[in-house]
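Everything on this sheet refers to the single structure shown next.
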Amino acid sequence: MNIFQKCISLFIAVMTVFAAQAKNYEVASPSGDLRAVVSVTNSGTTLSVFAGETEVLAPSPISITIKENNESRTKVLWGMNSKQPKVRRSFVDEMIPAPVYKRFQVKDRYNQMVLSSGKQGLVVRAYDDGIAYRLTYKSNIPYTVYNEQADFTFPADYPMYASYVKRGDDGDFESQYINSFENTYEHESITKFKSSRLLFLPVLVELPHGMKVCITEADLDNYPGMYLVGGGDTPVLTSHFAPVPKTTVQGGHNMLQKFVTSREEYIARDANAQLPWRVIAVAGNDAELAASDIVFRLGKPLRIADTSWIKPGKVAWDWWNAWTLFKGRGLYK
């Protein structure tokens, strides 16, 4: 066997090992109509979503960069060369009390898949109206999150409804962080959106045959809200997070705001073991999308034991027009 043949044989052997280390893990919704596929390979971990035979979300990278507070180096979870995880599956079918929601109670029915490898975990839930996933990290030592990769790659350059951050300069994300999350919606294909401006959630992607895909998040706790950035050469929405403020100055209207003058290198400190849910809500039409309760279901349980005192009422922008909540004015004379 000559040198060339030996090289080819070695290459085939290496690729065979790599192929053996790549594995897919699937969870389907109770109806079987929606499926999430997690692929763990040597190059990283991705999530795909299917509605029947239609690919809703193409393989989309998932990872997180953290550092335990007693360590000197960061580590990337679910990144390159991740070990094949253990799998645990469960089914939930219950009712959630909802005394202050649009329904008195909400049906919570899903299949769940939990992938775990050492301290790191990935929880994927498959509902009949969407897929949600969250990253977890179990440690007795507090840890710092430096970045999270939560990309959303689509099979084609579909039209999308999304809102830009209204304030700040193009290309300067720092100047865009301070905003009111209020703007009109733009309607363009994913690649036509400006890569120089942040998009805030939710965003709505239109698939063929009337199908809608809404990207949002749920159950944020001690963690920044997720922005998205589009406008690349391929139809992918890339996650972006504002780092934690380091120093601030008082200012703004009536000196009621704090303006960030410098930031830390990380996006969350002493983070919870469970990070926010990333949500891919899927609907066959607009009516189904409006009726979806997926974000409510993914929130934490109600923390108020006695809700009998909460009554519906009317308000005419009291906080904006009257300021009647201050002592000596309005209701509190």
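The values are calculated or read from the model by the stated rules, or taken from the named source; none is laboratory data. Fair warning: this is a prediction, and the values are worked out from it, not measured in the lab. Cβ coordinates were reconstructed from backbone atoms using ideal geometry, including for glycine residues, and neighbour counts include every protein chain displayed. Please note that ligands, DNA and RNA were not included when accessible areas were found on the heavy atoms of the full protein model with its side chains. Shrake-Rupley method; radii C 1.70, N 1.55, O 1.52, S 1.80 Å.
Annotations for the structure displayed:
- Calculated [θ] (222 nm, deg cm²/dmol) that DSSP helices of n ≥ 4 give over the chain, each run adding -39,500 (n - 2.57): -3000 deg cm²/dmol
- Judged by the mean number of other Cβ atoms found within 10 Å, the most tightly packed of the peptides 212-218, 38-44 leads the ranking 212-218, 38-44.
- Cβ-derived FRET efficiency at R0 35 Å, Asn179 paired with Ala291, nearest 0.05: 0.75
- Take segment 53-137 with all the other protein chains still there, run a 1.4 Å probe, and you get 51 Å² of accessible area per residue.
- Contour excess over end-to-end distance, with Cα ends at Asp170 and Met80 and 0.36 nm allotted per residue: 29.1 nm
- A simple spin-label model places the labels of His209 and Ala273 4.2 nm from each other, with each point 7 Å out along Cα-to-Cβ.
- As a fraction of the 1.4 Å probe accessible area of segment 40-137, surface on carbon and sulfur atoms comes out at 50 percent.
- Between helix 3-21 and the chain: long-axis angle, C-alpha atoms, 0 to 90°, nearest 10: 40
- Annotation: Trp277 carries an accessible surface of approximately 10 Å², with a 1.4 Å probe and no ligand, DNA or RNA atoms counted.
- Straight Cα distances below 20 angstrom link Lys194 to the aspartates and glutamates Asp151, Asp157, Asp169, Asp170, Asp172, Glu174, Glu182, Glu186, Glu206, Asp233, with same-chain residues fewer than 8 positions distant left out.
- When the chain is reduced to its Cα atoms, the Kirkwood hydrodynamic radius in Å: 22.5
- Springs between Cα atoms under 10 Å define the GNM used for the chain, and in it the highest mean-square fluctuation of Leu122, Leu256, Leu237 occurs at Leu256.
- Within a Gaussian network of the chain (alpha carbon springs, distance under 10 Å), most fluctuating of Pro301, Pro202, Pro30: Pro301
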